[in-house]
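Q: Before I ask anything, here is the structure I am working with.
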Amino acid sequence: MTPIRVVVADDQELVRAGFGMILDAQPDIEVVAEACDGAEAVEAVRAHNPDVLLLDVRMPVMDGLEAARRVCEEFPATKVIMLTTFDIDDYVFDALYAGASGFLLKDVRRDDLAHGVRMVASGEALLAPSVTKRLIGEFAARRPGGRERAVRPPSKLLEQLTLREQETLRLIARGLSNAEIAAELVVSEHTVKTHVSNVLSKLGLRDRVHAVVFAYEAGAVVAGES
């Protein structure tokens, strides 16, 4: 089995080395490079083309948000996980808009660190459904206008989806897993995976986390809706 290739970027050497040691000890994960600032992180991704970039939000030379934007634009196949000391703050929200696939607190347990890398590498949402909903719900409340789109507003983009795909998007935004969506729609998990793939492809979204953001922006769900 090909290991998940990871770059770890943090300006604190102990954090960087600690995360690297934890991940390298996993049989299915390989740390291919480390970086001490945002500029080095971008160069490391260019040199090694990793599956996942662990990226500190606050770093010298180039901060994590700018590094995330550049990596997500240049290397869309590389998933970005932001490292932060804050549970929910504007940096996290900006990181999602920059293209990050989720975030981890720096005091994360070693098992949760490896699990998070695996989840993001596989295209799943990094955050637990309840945390995802809380995060995006607060995000939507803070930024009612949402981000601007150059071509068409999000509500227009929804028209590209079939009714079943729109329903799948709403269930993703509610934090349901594929198995839970399958039970809700009374279909197989394979069918759900197809719907999810179609939703991400048609809307040009990187992963499920960004599908949740999009659903709030487009008005498919409303913050606080159950």
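Quick note: the coordinates plus some simple rules give every number you see, no bench work behind them. Keep in mind the model is a prediction, meaning the values are calculated, not measured. In this analysis, Cβ positions are derived from the backbone assuming ideal geometry, glycine residues included, and neighbour counts consider all displayed protein chains.
Q: Mind checking the full-extension length gain between A47 and M1? Use 0.36 nm per residue of separation minus the Cα-Cα distance, one decimal, nm.
A: Separation in residues times 0.36 nm, less the Cα-Cα distance, equals 14.3 nm.
Q: What are the ³J(HN,Hα) values, in whole Hz, obtained from phi via the Karplus relation 6.51 cos²θ - 1.76 cosθ + 1.60 with θ = phi - 60°, for each residue of the range 180-187 in sequence order, with x given for Gly and Pro?
A: Values, residue by residue: 5, 5, 4, 5, 5, 8, 6, 9 Hz.
Q: Label points 7 Å out from Cα along the Cβ direction at S188 and R58: separation in nm?
A: Going from the S188 label point to the R58 one covers 5.1 nm.
Q: Give a residue-ordered list of calculated ³J(HN,Hα) values for the range 69-85 (Karplus: 6.51 cos²θ - 1.76 cosθ + 1.60, θ = phi - 60°; whole Hz; x for Gly, Pro).
A: Those phi angles translate into 4, 5, 5, 5, 6, 7, 10, x, 7, 7, 8, 10, 10, 8, 9, 9, 9 Hz.
Q: A further question follows. Roughly what would the spin-label model give for E30 and D107, points 7 Å off Cα along C-beta, in nm?
A: It works out to 3.5 nm between the two label points.
Q: From the phi angles alone, apply the Karplus equation (6.51, -1.76, 1.60; θ = phi - 60°) to the range 165-177 and give each ³J(HN,Hα) in whole Hz, x where the residue is Gly or Pro.
A: My calculation for the range 165-177 gives 5, 5, 5, 4, 4, 4, 6, 4, 5, 7, x, 6, 7 Hz in order.
Q: For I29, which sequence-distant residues (separation of 5 or more, or a different chain) have an amide H within less than 5 Å of its own amide H, given hydrogens modelled in the peptide plane?
A: Residues meeting the amide H criterion: I4.
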